[in-house]
Amino acid sequence: MGKVYVFDHPLIQHKLTMIRDKETGTKDFRELTDEVATLMAFEITRDLPLEEVTVQTPVCEAKAKVLSGKKLGIIPILRAGIGMVDGVLKLIPAAKVGHIGLYRDPETLQPVEYYVKFPSDIEERDFIVVDPMLATGGSAVEAINSLKKRGATSIRFMCLIAAPEGVEAVKEAHPDVDIYIAALDEKLNEEGYIVPGLGDAGDRLFGTK
Ligand code: URA
């Protein structure tokens, strides 16, 4: 079963509180989301494999470590996921970035892909799917389905705030996927917003409300 990690680092928690505040405007919301994404990326990459190499320092030859293993890919779920990409790229600048856009079919209420562009070397990469909010889990489950269908075998999911319903949905559909969150909130309300949450992440990031 996939693990759920809640990052309780004080800097992440402090910045997340500022992000939640309804008085925080678009510019600060964007900057804070970016900063939290960087801090989360630092935590999420803790278990990346290393290998030993030899390096010539100005003093002598030394054994030292470099990253080994697969290269990384970042997949933001449109549109709010875009707000977390640059923050992750600050630590992993060579990562490739794919995109997936989903809408909810008004009749079936199921998520439907309207845009997909993933790196071509999908089997050779570990992926981090990013979306600030894990609400019902429908989009996250479908985005991960989409990656797996095209050959991805190693996927993590990272968000700022999750509802218990969303966490359960991802765990059930994708027990191999670890979930990384900054806060696990109380519930979803009737309109599908996370409570207490932060409102509509896309609107707050892009200033569209
Ligand atoms: N998406 C958001 O942007 N906010 C929520 O609370 C739930 C889904």
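We did not get these values from a lab; they are worked out from the coordinates using the rules stated. Every value quoted in this text rests on a predicted model; they were computed, and no experiment measured them. Please note: Cβ atoms are built from the backbone with ideal geometry, for glycine as well, and neighbour counts cover all protein chains shown.
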**Computed lengthening from Arg150 to Leu91, 0.36 nm per intervening residue step minus Cα-Cα distance** = 18.6 nm
**Request:** Using only alpha carbon pairs under 8 Å that are at least six residues apart, calculate the relative contact order of the chain and give it in whole percent.
**Result:** 23
**Prompt:** Hey, fewest Cβ within 10 Å first, where do Asp47, Asp34 land in order?
**Reply:** Asp47, Asp34
**Complete:** Hydrodynamic radius by Kirkwood for the chain, inverse mean 1/r across distinct Cα pairs, in Å, is 17.8
**Prompt:** In nm, to one decimal, how far is the modelled label at Thr17 from the one at Ala64, with both set 7 Å along Cα→Cβ?
**Reply:** 3.9
**Message:** Going 7 Å from the Cα of Asp121 along its beta-carbon direction, which residues of region 59-96 have the amide nitrogen within less than 14 Å of the resulting point?
**Reply:** 68-74, 94-96
**Sequence ranges 136-142, 157-163, 56-62, ranked by mean other-Cβ count within 10 angstrom, highest first** = 157-163, 136-142, 56-62
**Message:** Using +1 at the C-beta of Lys and Arg and -1 at the C-beta of Asp and Glu, which of Ile74, Tyr193, Ala182 has the Cα lying farthest in the positive direction of the dipole of the chain?
**Reply:** Ile74
**Packing-based exposure ordering (other Cβ within 10 Å, fewest first) of Val170, Val116** = Val116, Val170
**Complete:** So the angle from the long Cα axis of helix 138-149 to the longest Cα principal axis of the chain, reported in degrees to the nearest 10, equals 40
**Complete:** Pseudo-spin-label distance Glu113 to Leu50, built 7 Å along Cα→Cβ, given in nm, is 3.7
**Fill in**
Counting only DSSP beta bridges fully inside the chain, the antiparallel percentage to nearest 5 is 40
